[in-house]
């Protein structure tokens, strides 16, 4: 069976828009989400556009080929020796965070040579304050995620009689790491692959990067966050739960809460969990406590916890959160009085309020989902996303009710 071309058109479009601009292109995201493949496709595009092969230099710092380049001076000398003419040279660095003080070399490349630079990294430390100071705003971040549902449909081959709902069920269950498309929905092989990805992220980007020694506590924090996607949490709350389980010291002062805070930050820096702040709609202010977390891939969550149907509402919420991020929105949790709005999605030109629910059937559920949106007194779009199809296309009190699958496969991004 022939494999499909695995293009990521939305990300490629951004790279092409910034090509030859005076800005370092930094592609960030969890390991194996497709960063290296994107750069390989970009190189193919450069060659198709007539760029000479000798004017493209790619280095992957997780390859043993570059094991001798440990710090920025060695990187500078290596590139200096490879630049052969005055034509523009395209420098493409994969996992550059392996090189100590790499940003100093990148800054010198911009000063000393005619170059266009592309970088990937699997840890948010890549975007340190030192980098910002050195490059003085001369960089753009491309935030890469695993496949959207629409991309998942393009990457994978399905039985001809499979319904869209069945395809979505596979997406929810197996997740959206691009590599799993090679295994043709073989659940056992997919679990093996996801275990490998997760272990690499934890060992390299969390434990080794931050020199952690308490592997048990880290595992407990991961499992708690994975089991509580879409729930409001705090480090104190996590500390209390784990303390009651006897896994950490639990006193009145709860000394572990700072440690847990740090562990959560390390997991966020490795792009495995994303934290979301709360916003008080009426008070028009951000709240400092009690946010939510979402996991970057539902397949990894199911690998960790086992697949469970019972919390499908929170899983749908998780999927919608990342879709909004893909579409270029800043996303917050909304608070209005005693009620909660799942998402406030904001861009430079748009704002919308979104509720996500497994079903709108039942009067209690309908009231719960509609009330917070109805209480907002502005004219921005208000949407309820649900698995139900019976309500598709309906509007209630100015609130659109949309099937979540239909929303995920919209032909054009609105933002």
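Any read-out appearing in this document is the output of simple, stated calculations on the displayed coordinates, not a laboratory observation. None of the values given here were measured: they were computed from a predicted structure. All Cβ positions, glycine included, derive from the backbone under ideal geometry; neighbour counts span all protein chains shown.
When you restrict to C-alpha pairs under 8 Å that are six or more residues apart and normalise by the size of segment 148-287, the relative contact order lands at 15 percent.
Entry note, the chain: relative contact order of 13 percent, from Cα contacts under 8 Å with a spacing of 6+ residues.
Over the chain, what is the percentage of antiparallel beta bridges among all DSSP beta bridges, to the nearest 5? Antiparallel bridges: around 40 percent, rounded to the nearest 5. Springs between Cα atoms under 10 Å define the GNM used for the chain, and in it the highest mean-square fluctuation of 348, 74, 270 occurs at 348.
Computed FRET efficiency, Cβ-Cβ of residue 183 and residue 87, R0 35 Å: what is it to the nearest 0.05? So, using R0 = 35 Å, E works out to roughly 0.25. The slack in the chain from residue 67 to residue 203, taken as 0.36 nm per residue of separation less the alpha-carbon distance, amounts to 47.1 nm. Extending 7 Å from Cα along the Cβ direction at residue 397 and again at residue 287 yields two label points whose distance is 2.0 nm. Most mobile of 291, 334, 398 per a Gaussian network model of the chain (Cα springs, under 10 Å)? Maximum fluctuation in the GNM of the chain, among the listed residues, is at 398.
Annotation for segment 158-180 versus segment 10-25: alpha-carbon center distance of 31 Å. A full extension of the chain between residue 157 and residue 350 corresponds to an added length of 66.0 nm, given 0.36 nm per residue minus the alpha carbon distance.
The Cα-based radius of gyration and maximum Cα-Cα distance (Dmax) for segment 276-415 are 14.8, 42 Å. Computed log10 I(q)/I(0) for segment 9-143 at 0.12, 0.13, 0.21 Å⁻¹: -0.42, -0.50, -1.49, from the Debye equation with unit scatterers placed on every C-alpha and solvent omitted. A Gaussian network model of the chain, with springs between Cα atoms under 10 Å, assigns the largest mean-square fluctuation among 156, 174, 237 to 237. Here the gap between residue 58 and residue 409, fully extended at 0.36 nm per residue and compared with their Cα-Cα distance, gives a gain of 122.9 nm.
Computed from the C-beta positions of residue 23 and residue 339, the FRET efficiency with R₀ = 45 Å rounds to 0.60.
Across all C-alpha atoms in segment 149-408, the radius of gyration and Dmax reach 19.3, 59 Å.
A simple spin-label model places pseudo-atoms 7 Å from Cα toward Cβ; at residue 212 and residue 165 they are separated by 3.9 nm. Think of it as helices only: each DSSP H run of n ≥ 4 in the chain is worth -39500 (n - 2.57), and spread over all residues that comes to -12000 deg cm²/dmol at 222 nm. The modelled label-to-label distance for the pair residue 40/residue 78, using points 7 Å beyond Cα in the direction of Cβ, is 2.0 nm.
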